[in-house]
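> First, the structure itself, so that you have it in front of you.
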Amino acid sequence: MKKFSLVLMLSILIISLLSGSVAFAQDKTPPEILKELGVLKGDKNGDLMLNTYLKRQDMVVLISRLYKEENKATTYLLPAKFSDLNENNTYYHGFIQWAVDKNLIIGMDDGSFGFGKNVKVRDFQVLLLRVLDYREESGLYDSVPEIAEKLGLMKGINVNPNGYLMRKTMADMTLNALKLNKKGSPLTLAEVLELDLGKYEITTNNEQ
């Protein structure tokens, strides 16, 4: 009887600890999750700057971390060929060319990258569609917001697709993308990129 009571107490303790862990994980916000995954780092003081607009050059740095290829992009040897890239922004050249070679970035109509410009919500939707292998759909620029909504990229998010993208919204959209299956694949983007969301999420894949 004592042995049974001991086993019962241990079982209750383990269940309580596991339940506490799940509850704690559910309290994590998308920016906090991306920070723990090494995707979102913020400034030198650790400020994630969530209420500021995302810059185009910072966008490609974040995506390289999503792919776990930040070091590769940092030392990328091929020069980025855009009219607005020069000796004043060389740190980003490797990241930008890395993104070009990944077929994630094309650039602006005028031949520039758009260095220093704020990212539009619609443009980040385009990028995430490419990451998810919806490349044909990403080219339907006028329909991109509707496609993004349908897929679940904008789940829980209500913003103007033509407005500028706040870093907090970027984190929300990125986490939504990680939970979606890549086009034609049974695997989620997180699974393909080997990013463990299990300790943060208890919902099923692509829950709408």
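The values are calculated or read from the model by the stated rules, or taken from the named source; none is laboratory data. Quantities reported herein were computed from a predicted structural model and do not represent experimental measurements. Using ideal geometry, Cβ is built from the backbone for each residue, glycine included, and neighbour counts are taken over all protein chains shown. Surface areas here come from the heavy atoms of the whole protein model, side chains and all, with no ligands, DNA or RNA. Shrake-Rupley method; radii C 1.70, N 1.55, O 1.52, S 1.80 Å.
> Looking only at residues in the stretch 178-192 that are more than 12 Å from Leu34 (Cα to Cα) and small (Gly, Ala, Ser), which one is most open to solvent (accessible area, probe 1.4 Å)?
Gly184
> Condition test on Arg122, is it closer than 22 Å to Lys28 by Cβ and among the basic types (Lys, Arg)?
Answer is no for this residue.
> Looking at the stretch 98-116 only, could you name the residues that are open to solvent by 20 Å² or more (accessible area, probe 1.4 Å) and either under 14 Å from Ile63 (Cα atoms) or within 19 Å of the chain's Cα centre (by Cα) (or both)?
Val100, Asp101, Lys102, Asn103, Ile106, listed by residue number.
> Testing Tyr92 on (1) touching a strand residue (DSSP E or B) at 6+ places or on another chain (Cβ under 8 Å); (2) of a type in the set (Ser, Thr, Tyr); (3) buried (at least 20 other Cβ atoms within 10 Å of the Cβ), one condition comes back false. Which one is that?
Checking Tyr92 against (1) touching a strand residue (DSSP E or B) at 6+ places or on another chain (Cβ under 8 Å); (2) of a type in the set (Ser, Thr, Tyr); (3) buried (at least 20 other Cβ atoms within 10 Å of the Cβ), the one that fails is (1).
> Please enumerate the residues belonging to the stretch 117-134 that are under 15 Å from Ile63 (Cβ atoms) and either outside any helix (DSSP H, G or I) or not polar (S, T, N, Q) (or both).
Answer for the stretch 117-134, where residues must be under 15 Å from Ile63 (Cβ atoms) and either outside any helix (DSSP H, G or I) or not polar (S, T, N, Q) (or both): Val119, Asp123, Phe124, Val126, Leu127, Leu128, Leu129, Arg130, Val131, Leu132, Asp133.
> Then there's this: Determine which single condition Leu17 fails, assuming it passes every other condition in (1) modelled with pLDDT of 95 or more; (2) loosely packed, with under 15 Cβ neighbours inside 10 Å.
(1)
> Only one of (1) within 12 Å of the chain's Cα centre (by Cα); (2) buried (at least 20 other Cβ atoms within 10 Å of the Cβ) is not met by Val121, so which one is it?
It fails just one condition, (1).
> Inspect the stretch 126-141 for any residue being free of Cβ contacts under 8 Å to residues at least 40 places away in the same chain, closer than 19 Å to Tyr53 by Cβ, surrounded by 18 or more Cβ atoms within 10 Å (Cβ to Cβ) and of a type outside the set (Asp, Glu) and give the result as yes or no.
yes
> All but one of (1) open to solvent by 50 Å² or more (accessible area, probe 1.4 Å); (2) in contact with a helix residue (DSSP H, G or I) (Cβ under 8 Å, 6 or more places away or on another chain); (3) not in a loop (DSSP other than H, G, I, E, B) hold for Asp196; state the number of the condition that does not hold.
So the condition that Asp196 fails would be (3).
> In the stretch 157-177, what count of residues is obtained for those that are surrounded by 19 or more Cβ atoms within 10 Å (Cβ to Cβ) and either part of a loop (DSSP other than H, G, I, E, B) or of a type in the set (Val, Ile, Thr) (or both)?
3
> If you go through the stretch 35-65 one residue at a time, how many are open to solvent by less than 20 Å² (accessible area, probe 1.4 Å) and either in a loop (DSSP other than H, G, I, E, B) or touching a Pro at 6+ places or on another chain (Cβ under 6 Å) (or both)?
The total comes to 3.
> Please state which of the following conditions Ile147 fails to meet, knowing it meets all the rest: (1) in a loop (DSSP other than H, G, I, E, B); (2) in contact with a Phe, Trp or Tyr (Cβ under 9 Å, 6 or more places away or on another chain); (3) open to solvent by less than 40 Å² (accessible area, probe 1.4 Å).
So the condition that Ile147 fails would be (1).
> Those residues that are under 11 Å from the mean Cα position of the chain (by Cα) and in a loop (DSSP other than H, G, I, E, B), I need them from the stretch 178-192; list them, please.
Lys179 - this is the single residue of the stretch 178-192 that is under 11 Å from the mean Cα position of the chain (by Cα) and in a loop (DSSP other than H, G, I, E, B).
> Name the single residue, out of those in the stretch 87-116 being assigned to a loop (DSSP other than H, G, I, E, B) and acidic (Asp, Glu), that is farthest from Pro161 (Cα to Cα).
The residue in question is Asp110.
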